[in-house]
Amino acid sequence: MLRFEDENSQLKDKSPCSGIRADLKVCLLESDCVKIRGKTPRDCLKSGETPVECQSLRNTFFECKRSLLDARQRFRGRKGY
């Protein structure tokens with residue numbers, strides 16, 4: 001879902017889960033809730049007016065962030081990385 005201008009472009013943010021965060025931002029900014037209704041992405045997430053793709057990206061982002069705190073993930077690796 002993340003689109004780059006050229007193939008060699010990379011995210012400036014190298015933190016864990018940054019790719020999922022960027023995909024979620026793009027999904028929210030391109031949703032009808034933000035474009036047509038003029039709401040902020042935060043308001044759209046709170047009201048639940050986001051498309052299914054954005055909701056699944058939000059859940060994946062949550063799981064990725066949670067895996068950073070889980071000590072068992074040191075052995076299994078982070079989700080979405």
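The values are calculated or read from the model by the stated rules, or taken from the named source; none is laboratory data. Not measured: the values here are computed from a predicted model. Neighbour counts run over all protein chains shown; Cβ positions are idealised from the backbone, glycine included.
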- prompt: When both residues are 6+ apart or on different chains and their Cβ atoms are under 6 Å apart, which pairs have a first residue that lies in the stretch 35-60 and is within 14 Å of residue 25 (Cβ to Cβ), and a second that is of a type in the set (D, E, K, R) and surrounded by 15 or more Cβ atoms within 10 Å (Cβ to Cβ)?
  reply: 57/23
Any pair with Cβ under 6 angstrom, 6 or more apart, that starts in the stretch 19-32 at a residue that is in a helix (DSSP H, G or I) and ends at one that is of a type in the set (Asp, Glu) and at pLDDT below 95: 27/53
message: Any residue at all in the stretch 25-37 that's loosely packed, with under 13 Cβ neighbours inside 10 Å, among the hydroxyl-bearing types (Ser, Thr, Tyr) and modelled with pLDDT of 90 or more?
response: no
task: Considering only the stretch 38-69, state which residues are in a loop (DSSP other than H, G, I, E, B), at pLDDT below 90 and exposed (fewer than 12 other Cβ atoms within 10 Å of the Cβ).
output: 48
